[in-house]
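Engineer: My questions all concern the structure below.
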Amino acid sequence: MKQQSTTRQPFQSKHGAEAVEEVLGAERSFGTPLPDGDTCWEALGMRDPRLDGLFFVGVSSTGIYCRAVCSAKRPKRENCTFFKTAAEAEAAGFRPCLKCRPELAPGVPLAPDTDRAVRRAAQLIREGSGARGIADIAAELGLSERQMRRLFARAFGVTPTEYRTTCRLLLAKSLLTDTELPITRVAYACGFSSVRRFNDAFSERYRMPPSRFRVKAASGISQTGAGPIVLHVGYRPPFRFDLLLDFLRMRAIDGVEAVREDSYARTVRLDASSPRIGLDASSFDGEARAATGGTAASYPRIGWIGVEDESEKSRLSVTVSPELFDDLPLVLARVRRLFDTDCLPSSIEAGLDDFYGRVPGSRRIAGVRLPCCFDGFEMAVRAILGQQITVKAAGTLAGRVAHEFGHPVDTPYEGLDIAFPPPVAFCAPDAANRLGELGVIGQRARAICALAEAVCSGEVGLYPGADLETDAAALKAIPGIGDWTVQYLLMRAYGHPDAFPAADLGVRDAFPGLKPREIAALSENWRPWRSYAVMSLWSSHATSAFGSQGGKAASGKATGASLRSGFGKEVGTRSQSGSAKGIESAP
């Protein structure tokens, strides 16, 4: 779309509102194709933020494709072609709009019935910008290249190679627009093995050289890329960033996470299990090796990130330290998961209509999100440590564990000084004894070590896209991990939208007089969004108990008890041996 010199009012049509609802309805019915082009064109004129990322419009008169919320003048109907994804638009020959920046559009959750191998393949491509070959990814997932191409085209409308190219180039466009990283650094960070290949791909797809997108970075980042950079991640409003911060603040690990009034920061450790595993520095040309200090295969990478909300632009700003530049796709993907930026609020509202009709109006929170996690193992250890103690005490204890087993980090944030250890650190023969010396009781120390061994062996994944049924069974088999903890891990480590701890105290309080099995039966009407129902209950409890800044009060015996009772526990669970586990308190 051509940029306009004056501000225009949103296009009004007597059919616009109906068209918007039709597009939203199609998205709620997973796997349903986009409505016809006329409907999408009417919806386009409304610039409804709920449509952002649900479709893109290619304009034949300009060769550009835009988001559904682009503020430029709506093009003529005969010039418009509509696509479900940016990858489809680019495969059709359109290049991204410089005004609405499609690379910032929020993603769309895949349909629950999408082949699990395809979901995992897409995740690996997004998180590594395809640093590994398509053939290698297919082989890892037990597929032939032909099988993966066929399944991928069915789910995304493009081949895996086209999808990978779009992921790489949109990230490159963001880096070129928002930072002053050298072109060579950008090329490597986006998964290209040489500047020449990057230039060729960029020029062929976007019909202009990368330097065209280069702008002066407002933060004054040096040309050598010596300082941190700021990138952006879009979301669909409403978005309760304040409730996300409250949730994370109460569960912050001392030294690893820091939650201020309006921002979140944490240390980051990326080990060889990142999507770039198997790469060697020799795979990159001399320029790339020089730009990255010859560390193309150097792990672990340890740095830090900071996240703030830019609500007026419906996006998060993500500050990334230089140590993590070579894994930007992975870092940004984990930020998206942590803050659930790809959430579809309108679909959740519709899917939980029966739930909201059964609970008080205060339980209905527009814009509630499901906070996943940045690192599944770290979150799982924090969950185990949080059993039967206050939320505040669990954060302190987890901090001791991090400082004993982790790696020091220099950050600009006070008190943020340690990276959480990887699973292998807890596989040492003396790990359980060392945990005991820190104040971790024996059963939980053994559970942490058993979990670490299961993760290292591949028995448990603790990441979105893993086999939920298999992993849930493996987690339950670990002594010290009960049904409540498994459901909690499904919510936060796996990002599963339909986990439901029916025995949770906060859930039971919302349905007095009903037994957990009766609540579970009732919840069948809320599929596949039951995790969001639980988050509504937990978030509304925190808000009513402590006000908008409730998480900050997480100190002292009385407050700790209130937090513990309000954020979930199950009573009377038993291990396989039949011995009572007592109460599992929400971590």
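Engineer: Give the accessible area for Y413 in Å² (nearest 10); use a 1.4 Å probe, count only protein heavy atoms, and leave out ligands, DNA and RNA.
Structural biologist: 60 Å²
Engineer: Hey, if you put +1 on the Cβ of every Lys and Arg and -1 on every Asp and Glu Cβ in region 314-407, which of P371, H403, V318 ends up farthest toward the positive end of that dipole?
Structural biologist: The listed residue farthest towards the positive side: P371.
Engineer: Now for a separate question. Work out the FRET efficiency for A520 and E459 from their Cβ-Cβ distance, taking R0 = 22 Å, and round it to the nearest 0.05.
Structural biologist: Working: r = 27 Å, r/R0 = 1.23.
Efficiency at R0 = 22 Å is approximately 0.25.
Engineer: Which number comes out as Rg/Rh for region 358-441 once both Rg and the Kirkwood Rh are worked out on C-alpha atoms?
Structural biologist: On the way: Rg = 16.4 Å, Rh = 15.0 Å.
Using Cα coordinates only, the ratio equals 1.09.
Engineer: While we're here: By accessible area of protein heavy atoms, probe 1.4 Å, what ranking do K515, K173 get, highest first?
Structural biologist: Details: K515 110, K173 0 Å².
So the residues, ranked largest to smallest area, are K515, K173.
Engineer: Taking 4 °C and 1.567 mPa s as the conditions, I'd like the Stokes-Einstein D for region 62-140 in µm²/s, using the Kirkwood hydrodynamic radius from alpha carbon pairs. Please list the in-between numbers first.
Structural biologist: Numbers: Rh = 14.7 Å.
D, rounded to a whole number, is 88 µm²/s.
Engineer: Right, next: Normalised by the empirical 2.2 N^0.38 Å for globular proteins, what value does the Cα Rg of region 5-159 take? Numbers along the way, then the final one.
Structural biologist: Values: Rg = 16.8 Å, N = 155, 2.2 N^0.38 = 15.0 Å.
Compared with the compact-globule rule of thumb, region 5-159 sits at 1.12.
Engineer: On average, how much accessible surface per residue is there in region 396-505, in Å², for a 1.4 Å probe, leaving out ligands, DNA and RNA? Display every interim value, and only then the final one.
Structural biologist: Values: 4370 Å² over 110 residues.
Accessible area per residue, region 396-505: 40 Å².
Engineer: Still on this structure: Pairs of Cα atoms under 8 Å, at least six residues apart: use those to get the relative contact order of region 102-178, whole percent.
Structural biologist: On the way: 48 pairs, mean separation 26.5, N = 77.
Computed over region 102-178, the figure is 34 percent.
Engineer: Counting Lys and Arg as +1 and Asp and Glu as -1, each charge on the Cβ, what is the dipole of region 320-372 about the Cα centre in debye, to the nearest 20? Kindly include the intermediate steps, with their values, before the conclusion.
Structural biologist: Values: 7 positive and 8 negative charges, 64 e Å.
Dipole about the Cα centre, nearest 20: 300 debye.
Engineer: Quick one: Debye curve from the C-alpha atoms of region 304-432, no solvent, what's log10 I(q)/I(0) at q = 0.19 Å⁻¹?
Structural biologist: Treating every Cα as an identical point scatterer, log10 I(q)/I(0) equals -1.24.
Engineer: Moving to a separate point now. Can you give the FRET efficiency for A153 and E18, using 1/(1 + (r/R0)^6), R0 = 30 Å, r = Cβ-Cβ distance, to the nearest 0.05? Can you show the working numbers first?
Structural biologist: Working: r = 32 Å, r/R0 = 1.05.
According to the calculation, E is roughly 0.40.
Engineer: Assigning unit charges at the beta carbon (Lys, Arg +1; Asp, Glu -1) and nothing else, what dipole magnitude in debye, to the nearest 20, does region 134-257 show about its Cα centre?
Structural biologist: So the dipole magnitude of region 134-257 works out to roughly 560 debye.
Engineer: Between region 370-388 and region 393-408, what is the C-alpha centre distance in whole Å?
Structural biologist: Using only Cα atoms to place each centre, the spacing works out to 13 Å.
Engineer: If you don't mind, there's one more thing I want to ask. Based on the mean of other Cβ atoms within 10 Å per residue, sort peptides 198-206, 241-249 so the most packed one is first.
Structural biologist: Working: 198-206: 17.3, 241-249: 22.1.
Taking the mean over residues of other Cβ atoms within 10 Å, the ranking is 241-249, 198-206.
Engineer: In the full protein assembly as shown, how much of R119 is accessible to a 1.4 Å probe, in Å² to the nearest 10?
Structural biologist: It works out to around 80 Å².
The values are calculated or read from the model by the stated rules, or taken from the named source; none is laboratory data. Just so it is clear, the model here is predicted, and its values are computed rather than measured. Because the Cβ atoms are built from the backbone with ideal geometry, glycine has one as well, and the counts that use them run over all protein chains shown. Side chains included, ligands, DNA and RNA excluded: accessible areas come from the protein's heavy atoms. Shrake-Rupley method; radii C 1.70, N 1.55, O 1.52, S 1.80 Å.
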